[in-house]
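Following: one structure in structure tokens, then a few remarks.
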Amino acid sequence: MENMAERKVTMRIYGMTCDDCVASVAGGLKEAGATGISVSLEDGMAVLTIDDSRVSPESLAHIPVFTGNSRYRSQIRRVD
Amino acid sequence: MAREYDFVIIGNGSAAFSAAIKASEITRNQASVAMIGMGPPGGTCVNVGCVPSKYLIEAAKAVNFQRNPGYPGIKQNSPDVDFHALIESLRSAVVKEREERYVRVARSYPNVEIIKGFASFVSSDTVMVETGTENVQVKGFNFLIATGSRVKIPEIIGLNHTGYLTSDSIWDLNSVPESIGIIGGGFVAMEIGQALQRLGCKVTVIKQHDTIAPGIEKELGYELMESLKSEGISFLPGRNVTGVHRKGSKKIIEAASAGGKDIVEVDEILISSGRTPNVEGLNLEKAGVRYSSMGIQVREDFSTSNPLIYAAGDVVDQKYKLETLAAREGAAVASNIFDHSSKSMDMHEIPWAIFTEPQLASVGYTEEEYRRDQGKAVARTIPLNAVPKARILRQERGAIKIVVDSNSNAVVGVHALSPYAAEFIMEGVLAIKHKMTVKDLVENSHIFPTVSEGIKLAAQSFTRDLSMMSCCME
Ligand SMILES: Cc1cc2nc3c(=O)[nH]c(=O)nc-3n(C[C@H](O)[C@H](O)[C@H](O)COP(=O)(O)OP(=O)(O)OC[C@H]3O[C@@H](n4cnc5c(N)ncnc54)[C@H](O)[C@@H]3O)c2cc1C
């Protein structure tokens with residue numbers, strides 16, 4: 001646990017239209033290792049925490065829920 | 001308070017529209033997009049470029065057909081041309097095309113806001129837009145600079161006082177001038193020059209280069225010039241225009257060359273000495289975007305020296321200024337931003353054409369370029385009269401040239417001066433893109449009789465004597 005570097009990541013999410021979408025996006029982010037996930041349908045934004053010794057913030061835009069046939073796309077807006 | 005958007009596009013031409021549409025498609029209309037543009041929607045191509053020029057060229061072709069039907073037994077006819085009616089129809093075609101392809105399209109994307117005005121950066125994430133009535137601040141996360149290019153006006157003594165036309169203003173003419181002097185001799189000069197000559201104007205092209213433009217296959221360029229000369233266009237190559245002035249209702253062009261001085265008396269002057277990228281006034285320094293007088297410098301993915309700001313189209317420092325390229329680059333930028341793709345463009349796979357008759361179309365390296373860059377090249381040129389369809393058309397002036405890598409035999413350049421060259425150059429694009437060899441070209445069936453069969457014949461000429469072959473054989 002000593003090497004853990006917690007990062008707060010703010011993402012812009014495109015393609016969400018309903019609460020199911022919010023759940024899908026949050027699920028995809030959780031699978032990628034994110035915690036403390038909060039997804040807003042109204043703002044099209046997600047805020048989450050990652051351990052950047054395991055997951056780089058940049059890689060989040062490329063996880064399955066945001067690529068290929070998935071209807072969602074994302075951009076990293078801020079990493080604190 | 002600045003208005004805020006996900007994506008701010010500066011410009012409203014081809015690159016801008018295709019970027020806005022692609023961004024909307026990828027994000028299911030959820031990326032907020034601001035498209036800031038001065039001038040009519042659609043930019044150069046639809047308003048003063050491809051669309052009106054091709055319309056005029058086709059109309060002039062119709063006139064020429066009547067005058068020169070080309071086959072014995074068909075009577076020549078000198079049609080009465082009502083230029084005013086013709087140019088009015090051209091203007092209507094432009095309006096229709098603009099409304100259909102740009103104004104209506106823009107309305108169908110609820111996430112795209114059109115802001116009319118001139119934009120300049122005030123910081124790396126904000127531009128100020130002068131709308132004419134107010135100044136609006138627009139803030140964005142990503143930017144695309146797609147401000148295009150404008151006609152380059154050479155510094156010639158007396159030019160402003162004498163007055164001149166450009167490819168922007170020629171569409172305002174209501175009658176064909178009796179004579180015109182075209183200063184500069186690139187693609188636009190050839191296309192508009194031939195159209196005007198066919199519509200009854202006496203055209204003289206005064207240019208610095210001895211061929212059409214640097215970077216094109218010289219032998220085809222010379223042949224095109226010969227073809228245009230045979231229609232009555234005069235060329236004064238190797239000339240520097242030293243001054244222009246008025247003499248009564250006429251305009252006088254003075255040109256100097258190693259051989260002395262020329263005085264050309266004309267009714268109108270058309271400036272056609274290239275285009276310059278629209279970088280001025282954007283305050284690119286404030287945004288950390290590197291540029292030069294050649295345009296904005298971009299990386300492979302079209303991002304600039306500021307990674308959140310991209311550039312596409314004519315404003316980019318790149319080899320070609322083309323509608324198709326601008327539109328593809330705009331879409332590539334949107335994919336790279338919103339789909340995290342890594343789309344880039346290989347200039348050697350980009351075809352271009354001069355829409356004269358015959359058409360000159362080209363893709364890839366010229367023989368000289370490939371030899372310069374790679375040390376060795378093998379090339380073959382066939383005259384157009386070796387192509388049966390050209391003989392049937394009785395349009396035998398021209399040639400088809402293929403350049404290949406001497407080690408791999410892969411096709412690296414295809415160049416054609418021929419009827420329909422702009423249509424069939426696509427075979428060259430695919431050949432280069434997919435690294436096909438001349439053998440691959442030969443082993444594809446071509447429709448007989450077509451001019452495109454000339455590509456196969458040019459490919460065959462690497463290994464056989466065309467005069468010893470029967471029709472259509474492999
Ligand atoms: C006569 C002629 C014939 C042509 N024929 C062909 C052809 O047959 N085939 C082909 O492929 N190409 C052709 N072209 C080239 C083609 O028109 C251009 O390559 C293409 O239109 C470039 O598109 P763009 O989006 O980069 O820029 P543009 O279409 O020029 O659009 C840029 C827009 O941005 C606006 N703008 C500039 N600065 C600002 C600012 N600071 N703020 C806000 N707005 C700004 C401009 O007013 C303009 O509307 C031709 C060009 C000409 C002139």
Exercise. Under unit Cβ charges (Lys, Arg +1; Asp, Glu -1), what dipole magnitude, rounded to 20 debye, does chain B have relative to its Cα centre?
Worked result: 420
Seminar exercise, completed: Along the stretch A:49-57, Karplus-curve 3J(HN,Hα) (6.51, -1.76, 1.60; θ = phi - 60°) to the nearest Hz, with x for Gly and Pro, reads 10, 9, 9, 6, 7, 10, 10, 7, x
Exercise. To the nearest 20 debye, what is the magnitude of the charge dipole of the stretch A:4-52 about its Cα centre, counting +1 on the Cβ of each Lys and Arg and -1 on the Cβ of each Asp and Glu?
Worked result: 120
Problem set entry | Mean projected area in nm² (Cα convex hull; one quarter of hull surface) for the stretch B:1-134 | 11.6
Exercise. Within the accessible area of the stretch B:311-470, what % is carbon and sulfur when the probe is 1.4 Å and the other protein chains stay in place?
Worked result: 49
Seminar exercise, completed: Residue by residue through the stretch B:77-90, the couplings from Karplus 6.51 cos²θ - 1.76 cosθ + 1.60 with θ = phi - 60°, in Hz, x for Gly and Pro, are 9, 9, x, 6, 9, 8, 4, 4, 5, 5, 6, 5, 5, 4
Exercise. Based on the Kirkwood radius over alpha-carbon pairs, what value in µm²/s does the Stokes-Einstein equation return for the translational diffusion coefficient of the stretch A:3-79 at 25 °C and 0.890 mPa s?
Worked result: 202
Exercise. Amide H to amide H under 5 Å from residue B:420: which residues, 5+ apart in sequence or cross-chain, H placed 1.01 Å off N in plane?
Worked result: B:359
Problem set entry | Compactness relative to 2.2 N^0.38 Å, alpha carbon Rg of the protein assembly as shown | 1.12
Exercise. Residue B:243's amide H: which non-local residues (gap 5+, or another chain) put their own amide H closer than 5 Å, with H modeled 1.01 Å from N in plane and none for Pro or chain starts?
Worked result: B:254
Exercise. Residue by residue through the stretch B:333-342, which ³J(HN,Hα) values in whole Hz follow from phi under the Karplus form 6.51 cos²θ - 1.76 cosθ + 1.60 (θ = phi - 60°), with glycine and proline marked x?
Worked result: 4, 4, 5, 5, 6, 9, 10, 6, 7, 10
For this session: On the full set of protein chains, 1.4 Å probe, figure out the accessible area of residue B:192 and give it in Å² to the nearest 10.
Result: 10
For this session: Would you please report the Å³ per residue occupied by the convex hull of the alpha carbon atoms in the stretch B:349-465?
Result: 90
Exercise. Which residues of the stretch B:1-49 show a drop of at least 50 Å² in accessible area when all protein chains are present, compared with their chain alone (probe radius 1.4 Å, heavy atoms only, ligands and nucleic acids excluded)?
Worked result: B:6, B:28, B:30
Exercise. In what order, largest first, do B:415, A:62 sit by accessible area if the probe radius is 1.4 Å?
Worked result: A:62, B:415
Problem set entry | Percent RCO, i.e. relative contact order, over chain B, from Cα pairs under 8 Å lying at least 6 residues apart | 14
Exercise. So what's the back-of-envelope 222 nm ellipticity for chain B, counting only DSSP H runs of four-plus at -39500 (n - 2.57) apiece and dividing by all residues, rounded to 500?
Worked result: -8500 deg cm²/dmol
For this session: Note down the Stokes-Einstein diffusion coefficient of chain B in µm²/s, whole number, using a Kirkwood radius over alpha carbon pairs, 25 °C, and 0.890 mPa s.
Result: 102
Exercise. What are the residues whose amide H is under 5 Å from the amide H of residue A:45, where those residues sit 5 or more places off or on another chain and H is modelled from the backbone?
Worked result: A:13, A:40
Problem set entry | At 0.692 mPa s and 37 °C, Stokes D of the stretch B:159-273 from Kirkwood alpha-carbon radius, µm² per second | 231
For this session: For the stretch B:343-408 and the stretch B:220-280, write down the distance between their C-alpha centroids in whole Å.
Result: 27
Seminar exercise, completed: Once all protein chains are kept in place, residue B:301 shows an accessible area at probe 1.4 Å, nearest 10 Å², of 50
Exercise. How much of residue B:122 can a 1.4 Å solvent probe reach, expressed as accessible area in Å² and rounded to 10?
Worked result: 60
Problem set entry | Cα-based reach from residue B:251 at 26 Å (exclusive), listing lysines while leaving out same-chain residues under 8 positions away | B:152, B:202, B:207, B:229, B:261
Exercise. Hey, if you put +1 on the Cβ of every Lys and Arg and -1 on every Asp and Glu Cβ in the stretch B:52-184, which of B:167, B:66, B:135 ends up farthest toward the positive end of that dipole?
Worked result: B:66
Problem set entry | Fraction of the pair-distance distribution of the stretch B:217-276 above 13 Å, Cα-Cα pairs, percent | 72
For this session: Keeping all protein chains in place, calculate the accessible area per residue for chain B (probe 1.4 angstrom), answer in Å².
Result: 44
For this session: Leaving ligands, DNA and RNA out of it, rank B:162, B:463 by accessible area with a 1.4 Å probe, largest first.
Result: B:463, B:162
Seminar exercise, completed: From highest to lowest solvent-accessible area (probe 1.4 Å; ligands, DNA and RNA excluded), B:22, B:207 read B:22, B:207
Exercise. Rounded to the nearest 100 Å², what is the sum over both chains of accessible area buried where B meets A, with a probe of 1.4 Å?
Worked result: 1100
For this session: Take the solvent-accessible surface of the protein heavy atoms, probe 1.4 Å, and return the percent of it on the stretch B:23-65 that carbon and sulfur atoms account for.
Result: 64
Problem set entry | aspartates and glutamates whose Cα lies under 16 Å from that of residue B:456, excluding same-chain neighbours fewer than 8 positions away | B:423, B:427, B:440, B:443, B:465, B:474
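The values are calculated or read from the model by the stated rules, or taken from the named source; none is laboratory data. What you are looking at is a predicted structure, and each value in this text was computed from that prediction instead of being measured. No Cβ is skipped: glycine too gets one built from the backbone with ideal geometry, and neighbour counts run over all protein chains shown. Side chains are part of the model used for accessible areas, which takes the heavy atoms of the whole protein and leaves out ligands, DNA and RNA. Shrake-Rupley method; radii C 1.70, N 1.55, O 1.52, S 1.80 Å.
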